[in-house]
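Everything below concerns the one structure shown next.
The values are calculated or read from the model by the stated rules, or taken from the named source; none is laboratory data. From a predicted model like this one, the values you see are computed outputs, not experimental measurements. Heads up, the Cβs are rebuilt from the backbone with ideal geometry, glycines too, and the neighbour counts pull from every protein chain shown. With ligands, DNA and RNA removed, areas are computed over all heavy atoms of the protein, side chains included. Shrake-Rupley method; radii C 1.70, N 1.55, O 1.52, S 1.80 Å.
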Amino acid sequence: MKILIFFGAPGAGKGTQAKKLSEKFNLRHVSTGDLLRLQIERKTELGLKAKLFMDKGDLVPDDVMIGMVKNTINQTKDVKGIILDGFPRTLHQAEELDIVLAKNNHCISNVLFINVNKQEIIDRLQKRAEIENRKDDSDISIVENRISVYNQKTAPVVGYYEQQNKLKRIEGVGEIDDIFERIQNTLCLI
Ligand code: AMP
């Protein structure tokens, strides 16, 4: 089973592109943000706890996220692969992911880093706030916090995958279909 990671700042387009790729190649799209929002909608204990962090633009604690992804991977069978969108977001999550995958006889095929500049990110998140009514996209101070959390805690994960020769970079600015083309040319999925 192929394991692909879509990596990048909030608003880089990970979700949009992961959805398109998963539909085209019959992969399972696992968005940890979507999984958390589902828990919030269902008002579960995990959801209520996670909401406190998400509303501020902070990361949900590693133990919660690692548990969630572990369960998802253990339960996923009979698909060609998984696209992880929004996980890992810390070095600890990246290390734990390698351990879970090794236990299941899987490994990461590629990590796709979608590069987008800061102003474009802010513009996109403001647009998304109107369309999806996401609290964490709507307030500029929360958006700034998410970008700073990304720079401090998530960006160092790039080096982790670079050392493993798994990182592929693409430019994430442009038309959605052009970016999709770039992704397909970069990741050989056929
Ligand atoms: P996303 O939809 O990927 O932008 O995620 C929305 C929010 O969910 C993030 O700002 C975090 O608060 C939380 N979240 C999603 N994935 C993770 C993760 N891997 N680690 C910690 N928090 C996460």
query = Can you tell me the accessible area per residue over the chain, all protein chains present, probe 1.4 angstrom, in square angstrom?
reply = 53
note = For LYS2, the net charge from surrounding residues (Cβ-Cβ under 15 Å; K, R +1; D, E -1) works out to +4
remark   = Share of accessible surface on carbon and sulfur in the chain, whole %, 1.4 Å probe and ligands ignored, is 48
query = Rounded to the nearest 0.05, what FRET efficiency is calculated for CYS107 and ASP62 with R0 set to 22 Å and r the Cβ-Cβ distance?
reply = 0.55
inquiry  = Springs between alpha-carbon pairs under 10 angstrom, Gaussian network model over the chain: which of LEU167, LEU48, LEU97 fluctuates most?
reply    = LEU48
query = Where the only charges are on Cβ atoms (+1 Lys, Arg; -1 Asp, Glu), what is the dipole of the chain about its Cα centre, to the nearest 20 debye?
reply = 440
inquiry  = How charged is the neighbourhood of ALA94? Take every other residue with its Cβ under 13 Å from the Cβ of ALA94, and add Lys/Arg as +1 and Asp/Glu as -1.
reply    = -2
Taking only Cα atoms of the chain, radius of gyration then Dmax in Å = 15.8, 43
key: Which of GLY159, ASN26, PHE53, positive extreme of dipole for the chain (C-beta unit charges)   = ASN26
key: Protection proxy ranking, peptides 84-91, 15-22, 156-163, average beta carbon neighbours within 10 Å, highest first   = 84-91, 15-22, 156-163
task = Return a single number: how many Lys pairs in the range 1-108, at a sequence separation of 8 or more or on separate chains, have alpha-carbon atoms below 20 angstrom apart.
result = 22
